[in-house]
1. Among the numbered criteria (1) over 17 Å from the mean Cα position of the chain (by Cα); (2) open to solvent by 40 Å² or more (accessible area, probe 1.4 Å), which one does residue 176 miss?
2. Checking the conditions here, which among 393, 414 is in contact with a helix residue (DSSP H, G or I) (Cβ under 6 Å, 6 or more places away or on another chain), in a loop (DSSP other than H, G, I, E, B) and at pLDDT 90 or above?
3. Considering each residue of region 144-168, count those that are touching a residue at least 60 places away in the same chain (Cβ under 8 Å), surrounded by fewer than 17 Cβ atoms within 10 Å (Cβ to Cβ) and among the aliphatic types (A, V, I, L, M), and give that number.
4. Can you pull out the residues in region 17-73 that are open to solvent by less than 40 Å² (accessible area, probe 1.4 Å), in contact (Cβ under 8 Å) with a residue 40 or more places away in the chain and more than 30 Å from residue 214 (Cβ to Cβ)?
5. Within region 288-347, take every residue that is open to solvent by 60 Å² or more (accessible area, probe 1.4 Å) and hydroxyl-bearing (Ser, Thr, Tyr) and give me the one that is modelled with the lowest pLDDT.
6. Among the residues of region 102-114, which ones are surrounded by 15 or more Cβ atoms within 10 Å (Cβ to Cβ) and of a type in the set (Lys, Arg)?
7. Restricting the search to region 335-386, which residues are in contact (Cβ under 8 Å) with a residue 12 or more places away in the chain and on the phi > 0 side of the Ramachandran plot?
8. Scan region 82-96 and report the pairs whose first residue is within 16 Å of residue 118 (Cβ to Cβ) and whose second residue is open to solvent by less than 60 Å² (accessible area, probe 1.4 Å) and part of a loop (DSSP other than H, G, I, E, B), with Cβ atoms within less than 8 Å and a gap of 6+ or a chain change.
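The values are calculated or read from the model by the stated rules, or taken from the named source; none is laboratory data. Small disclaimer: the values here were computed from a predicted structure and weren't measured. Every residue, glycine as well, gets a Cβ built from its backbone with ideal geometry; the counts of neighbours run over all protein chains shown. Areas reflect the complete protein model, heavy atoms only, side chains present, ligands, DNA and RNA absent. Shrake-Rupley method; radii C 1.70, N 1.55, O 1.52, S 1.80 Å.
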Amino acid sequence: MTTLFESAGLEAEAPKPLAERLRPQSLDEVIGQDHLLKGEGPIARMREQGRLASLILWGPPGVGKTTIARLLAEDSGLEFEPLSAVFSGVADLKKVFERARARRQAGRGTLLFVDEIHRFNRAQQDGFLPVVEEGVVTLVGATTENPSFELNGALLSRCQVLVLKRLDDDALEALLARAEAERGQDLPLDEDARAMLRAMADGDGRYLLNLVEEVLSFKTVQPIDTAGLTERLSKRAPAYDKSREEHYNLISALHKSVRGSDPDAALYWLARMLDGGEEPIYLARRIVRMAVEDIGLADSAAIHSALAAKDTYEFLGSPEGELALAQAVVHLACSPKSNAVYNAFKRAQKAARQTGSLMPPAHILNAPTKMMKEQGYGAGYEYDHDVEGGVSGQDYFPEDMPDRPVFYDPKPVGREAAIKERLERWRALREKRRGS
């Protein structure tokens with residue numbers, strides 16, 4: 001629908017932000033998404049074949065999701081219907097669908113672009129299914145959240161999910177060059193400050209161009225250095241949501257870096273999470289988990305180091321206490337690794353569920369009453385401390401246990417190497433005694 005201002009040609013003269021003025025006018029001008037738009041990329045193939053499937057564009061803010069959707073509509077000759085899930089409801093969807101059906105009867109198609117599509121609830125998402133199946137609309141949804149968690153399986157099965165990447169340093173530099181060309185002036189920054197400006201954007205092209213507008217407003221004769229840029233601009237908060245996928249991605253990266261014995265990577269992910277506002281106590285709990293799951297008895301001091309870090313943080317608070325978390329992470333990353341206890345306990349749990357209520361063997365039961373002694377409780381028990389070597393070799397599993405499983409298999413690393421040697425001797429003693 002054309003507004004009164006558009007009809008009068010006034011809207012074109014209205015001031016626009018730099019990011020809007022630099023919006024690509026064709027798909028070939030889009031920066032940073034060549035894996036989708038060039039060569040054998042999925043959108044490139046669709047354009048070559050003259051077909052456009054319904055899509056979910058998943059990626060961080062400021063990487064071109066809305067621009068690509070609009071240009072796909074133009075490229076395919078479809079009417080572009082934009083909708084925001086933040087401000088729209090069922091009534092808005094019905095109106096869009098009615099207009100799309102009317103266009104279809106007139107021989108024209110519709111590309112329905114839904115920004116923040118994950119904001120629609122499950123019932124609203126189901127409303128897209130019939131119009132997508134019938135071809136009334138070609139749906140292009142944009143989301144910053146993982147579609148696997150946020151979108152209905154039925155809707156996902158009718159759409160192709162395409163992942164957009166955060167803009168890398170080369171792409172951000174290309175945007176800076178475009179901005180300078182559009183404004184007809186160079187940014188008043190030295191080389192290091194220019195690199196810092198790109199880093200501040202954190203992969204978000206729109207945010208970078210907003211920063212450019214601020215920088216170009218500076219009154220300066222000499223190029224600004226990094227200190228001057230920091231003084232004039234606020235650093236962008238990292239893209240991190242403690243309740244969303246990024247939280248789970250980063251804690252997984254931290255845990256696997258520790259497990260992989262890489263203290264440098266582990267410190268990086270720890271710093272990323274703390275910088276993003278993660279609760280240090282949550283990190284302390286996870287560090288304790290790493291100690292018992294991935295190190296265990298290979299380094300029995302690891303659990304004490306992890307718990308000491310938790311206590312130290314609670315005593316000192318932030319930021320001083322965060323150093324204790326870093327120390328524990330480095331300790332764990334540099335420790336010999338063993339998940340033998342972790343695996344042993346899982347196997348023991350499985351056996352416990354399968355064997356039910358088997359009683360312990362009578363010889364290891366206490367017999368505090370005469371009747372219990374008469375029933376054989378404690379009969380034949382040998383006090384291990386009184387036996388040569390300190391191990392009697394008695395059987396401690398239930399008598400009706402079908403076999404004598406080995407749950408704990410120490411790894412030949414760290415402290416567990418010595419444990420492994422002792423257990424092999426003790427298990428051989430029990431086997432010999434059972435066989436006699």
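1. Failing condition for residue 176: (2).
2. Going through 393, 414 in turn, the sole match is 414.
3. 3
4. If the condition is that a residue be open to solvent by less than 40 Å² (accessible area, probe 1.4 Å), in contact (Cβ under 8 Å) with a residue 40 or more places away in the chain and more than 30 Å from residue 214 (Cβ to Cβ), then 36, 42, 43, 52, 53, 54, 55, 56, 72, 73 are the ones that fit.
5. 318
6. 103, 104, listed by residue number.
7. Of everything in region 335-386, those that are in contact (Cβ under 8 Å) with a residue 12 or more places away in the chain and on the phi > 0 side of the Ramachandran plot turn out to be 376, 378, 380.
8. Between residues of region 82-96 that are within 16 Å of residue 118 (Cβ to Cβ) and residues that are open to solvent by less than 60 Å² (accessible area, probe 1.4 Å) and part of a loop (DSSP other than H, G, I, E, B), the close pairs are 84/116; 85/116; 85/120; 86/116; 93/127.
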